[in-house]
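Below: one structure, written as structure tokens.
The values are calculated or read from the model by the stated rules, or taken from the named source; none is laboratory data. Please read all numbers here as calculations on a predicted model, not as lab measurements. Cβ atoms come from the backbone with ideal geometry, glycine included; neighbour counts cover every protein chain shown.
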Amino acid sequence: MINYPKVSVVILNWNGRFFLEKFLPSVYNSTYPNIEFVIGDNGSTDDSLDFVKANYPQIRIIQNDQNYGFAGGYNKVLEQVQTDYYILLNSDVEVTTHWIEPVIEMMERENYVAAQPKIRAFHKKTHFEHAGGAGGYLDKWGYPFCRGRILHVTEEDRGQYDTEEEIFWATGAALFIKSSAWREAQGFDADFFAHMEEIDLCWRLKRLGHKIGYCPKSTVYHVGGGTLQTSNPKKTYLNFRNNLFMLHKNLPLGQALGIIFIRFWLDLLALIHFLVQGKGKDAWAISRSHQAFFTNFFKNSKKRKKYNVPFNKKGLYKKSIIWDFYVNKIQKFSDLSAKNF
């Protein structure tokens with residue numbers, strides 16, 4: 001690359017002193033030449049900002065007056081950052097030395113407006129990580145999955161997904177996005193608070209005619225569950241609620257209502273599964289997510305937009321990933337039939 005567009009690495013922090021102390025050194029040692037580092041703080045009450053000021057005085061700090069969640073917090077912080085590319089990076093991510101250059105080069109070359117690197121698990125570095133793997137996809141009922149991760153099963157990285165690909169969504173754990181595209185799509189939906197806001201954003205970008213990419217030449221390591229643990233009922237609630245919000249907002253109305261009707265029955269099976277496992281709070285979280293869908297129905301209806309461009313369906317899976325996983329016993333992305341994409 002001859003010209004290096006300006007890149008701003010923006011880490012949203014909320015009481016994350018431990019992660020900043022552990023992972024900020026790797027981020028700060030990034031080799032990309034035209035770069036700035038920003039800590040966006042979501043109303044932290046710990047000493048994380050004191051740590052940054054004392055050890056990284058060159059890093060810019062933008063403070064929100066309270067915790068607006070992942071979605072709202074980033075919206076408020078990025079309003080104050082002028083750059084060519086944002087990199088939204090979780091505080092619990094360890095990066096490698098040359099992790100930025102190949103993604104920016106690919107995005108410039110292929111005209112991707114958003115992209116992600118390869119996401120491996122920090123605590124099991126040979127394997128892909130749940131939050132992003134080797135790029136995000138969506139099945140016919142709106143369930144997200146990844147190359148390298150179907151439902152809760154993650155694959156070992158043996159180089160099987162070392163090809164650049166256009167995908168449906170890029171992970172929010174390390175989201176590269178052109179600032180112009182962020183503004184065009186109007187950022188995250190702050191009502192999501194956390195979880196699936198990046199899928200909703202990528203869906204809106206695709207509806208605007210844009211492309212999302214995956215870059216295998218860059219690798220980062222994600223801890224995962226840094227703010228909300230996987231078993232947290234609040235996370236269960238946000239995942240189920242936000243998925244319904246996303247379907248309602250982005251699908252044609254008739255199709256949306258048909259799919260959401262089916263999803264209610266599939267969600268009921270998940271609720272029963274939680275009850276059988278003795279996870280009553282998670283079961284109740286699913287019930288509350290359905291209540292929230294109806295409570296917010298008219299509000300989300302107003303967010304529906306029509307874009308006068310052909311919808312880019314790359315990364316949509318025509319079958320049910322739930323059926324393939326539980327009935328067809330498919331646990332690897334590479335075993336899915338290519339004709340169904």
Please go through (1) surrounded by fewer than 24 Cβ atoms within 10 Å (Cβ to Cβ); (2) in contact (Cβ under 8 Å) with a residue 40 or more places away in the chain; (3) in contact with a helix residue (DSSP H, G or I) (Cβ under 7 Å, 6 or more places away or on another chain) for Glu165 and return the number of the only condition it doesn't satisfy. (3)
Any chance Glu184 is surrounded by fewer than 18 Cβ atoms within 10 Å (Cβ to Cβ) and within 24 Å of Val7 (Cβ to Cβ): yes
Would you please list the contacts, defined by Cβ atoms under 9 Å and residues six or more apart or on different chains, that run from a residue in region 25-43 that is in contact (Cβ under 8 Å) with a residue 60 or more places away in the chain to a residue that is of a type in the set (Gly, Ala, Ser) and surrounded by 17 or more Cβ atoms within 10 Å (Cβ to Cβ)? Ile35/Ser8
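Show me the helices (runs of 4 or more DSSP H) entirely contained within region 211-315 in which 3 or more residues are under 22 Å from the mean Cα position of the chain (by Cα), assigned by TED's automatic domain parsing to the domain that holds Ala185 and among the hydrophobic types (A, V, I, L, M, F, W, C).
Working: elements: 233-250, 253-276, 280-295, 297-301.
Hits in region 211-315: none.
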Search result, residues across region 173-182 that are of a type outside the set (Ser, Thr, Tyr) and either closer than 15 Å to Val113 by Cβ or touching a Pro at 6+ places or on another chain (Cβ under 6 Å) (or both): Ala174, Leu175, Phe176, Ile177, Lys178, Ala181, Trp182
Of all residues in region 79-97, count the ones that are at pLDDT 95 or above and out of contact with any strand residue (DSSP E or B) (no Cβ under 6 Å at 6 or more places or on another chain). 5
Can you find a residue in region 300-307 that is of a type in the set (S, T, N, Q), under 21 Å from Trp203 (Cα atoms) and in contact with a helix residue (DSSP H, G or I) (Cβ under 7 Å, 6 or more places away or on another chain)? yes
Qualifying position, being at pLDDT 95 or above, under 18 Å from Ile199 (Cα atoms) and either over 19 Å from the mean Cα position of the chain (by Cα) or of a type outside the set (Lys, Arg) (or both), among Glu101, Glu108, Glu129: Glu129
Can you pull out every residue in region 19-61 that is outside any strand (DSSP E or B), aromatic (Phe, Trp, Tyr) and touching a Ser or Thr at 6+ places or on another chain (Cβ under 9 Å)? Phe19, Phe23
Evaluate the following for Cys215: is it in contact with a Pro (Cβ under 7 Å, 6 or more places away or on another chain) and within 30 Å of Pro102 (Cα to Cα)? yes
